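No value in this document is a laboratory result; all are computed from the given coordinates. Computed from a predicted structure; not experimentally measured. All Cβ positions, glycine included, derive from the backbone under ideal geometry; neighbour counts span all protein chains shown.
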Amino acid sequence: MKGKVALVTGAAKGIGKEIALELATAGARVYANGRTRESLLELLNEAKERSLDILPLPFDVSKEEEVIRSIDSLETVDYLVNNAAVCPYVQYKDLKEAHWDLMFGINVKGTYFCTRHALEKMNAPGGSIVNISSGAGKTGGAFVSMPYGTSKAAINNMTITFAKLFASKGIRVNAVSPGFVETRILDEMPISRDLIRSDIPLGKIGLPQDIAPIVRFVLSDEASFMTGQVIEVNGGDVMY
Ligand SMILES: NC(=O)c1ccc[n+]([C@@H]2O[C@H](COP(=O)([O-])OP(=O)(O)OC[C@H]3O[C@@H](n4cnc5c(N)ncnc54)[C@H](OP(=O)(O)O)[C@@H]3O)[C@@H](O)[C@H]2O)c1
């Protein structure tokens, strides 16, 4: 990925942080997005220690003007990873309009805004986008909020539509769809780690390090014949 420019949203922690480190280790210049510059300090310190080319790009993905201003400041974009999302757990009958607005605003509209504006800067052919979806986008389920699962179903659909729109330009758009991964999101779920683990055929909860290399591969030219796909990475939790 030497000479390539990547933008990773929600890179302050968890899976996004690991993806930023993975792409920079592969040689890309990575713009790491987070809501604030302060939230990115841990990643930036780690990047400095490892001599990785990671630069902060703080903005709120759900605010289109901030997205435009930030993406306009970039020289170019080769790779975009739409990873930022929120997942507060609320039972279906306690959901308020504000919960729907929050999860759709960040997870769905944020993915759309970043994709829409990064495409203006994207090198074609060869540009590549990965949306971080969730197994809940296909299976639904009682362990996540309804707006979260439906937001990820929307992302799967948006992935296919953007893939169809940009395939002729040589820009690929795919989704990587994790199952249970050890981040703070699991703390928000009404289910114990032991119960989660007992249901996963490979017998373990995933780590961000199990997801990041798949994202790197799907972004890279090695996956040049793959577009419009939703790739499940879940320890066999769901098999189709
Ligand atoms: N962990 C799992 O089991 C799992 C399973 C399936 C899918 N996923 C997906 O994986 C992705 C990463 O999740 P994670 O588990 O790593 O969760 P996480 O640790 O909560 O990370 C989410 C990141 O997104 C950022 N973010 C939230 N709202 C934002 C906004 N408006 N603008 C910019 N950044 C924003 C957060 O920043 P702050 O620190 O400022 O809040 C945080 O750094 C998400 O798309 C999630 O849906 C996770």
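Structure notes:
- Full extension of the segment from Lys96 to Leu74, taken as 0.36 nm per residue of separation minus the current Cα-Cα distance, would add 4.2 nm.
- For segment 37-76, the alpha carbon positions stretch 33, 22, 10 Å along the principal axes, listed from largest to smallest.
- For segment 38-103, the residue among Ser62, Val81, Met103 whose Cα projects farthest onto the positive side of the dipole built from Cβ charges is Met103.
- FRET efficiency for the Asp194 to Tyr89 pair, using the beta carbon distance and R₀ = 25 Å, is estimated at 0.85.
- Checked against a 28 Å cut-off, the cross-linked pairs Lys138/Lys164; Lys48/Lys204; Lys93/Lys152; Lys4/Lys138; Lys63/Lys204 give Cα-Cα distances beyond that limit for Lys48/Lys204; Lys4/Lys138; Lys63/Lys204.
- Two numbers describe the Cα atoms of segment 5-233: Rg and Dmax, which are 16.7, 49 Å.
- Each Cα pair under 8 Å and six or more residues apart adds its separation to the average, and for the chain the resulting relative contact order is 19 percent.
- Taking amide H as placed 1.01 Å from N in the peptide plane, Ala175 has its amide H under 5 Å from the amide H of Asn131, Gln229, Val230, Ile231, each at least 5 places away in sequence or on another chain.
- Rounded to whole Å, sorted largest first: equivalent-ellipsoid semi-axes of segment 124-187, Cα gyration tensor: 27, 13, 7
- From its DSSP helices (H runs of at least four residues, each -39,500 (n - 2.57)), the chain gives a residue-normalised ellipticity at 222 nm of -11500 deg cm²/dmol.
- In this calculation the C-beta distance from Ala142 to Leu41 is compared with R0 = 30 Å, giving a FRET efficiency of 0.25.
- Hull shadow area, averaged, segment 169-223 [alpha-carbon convex hull, nm²]: 5.0
- Label-point gap, in nm, between Lys2 and Lys204 - each point 7 angstrom along Cα→Cβ: 3.2
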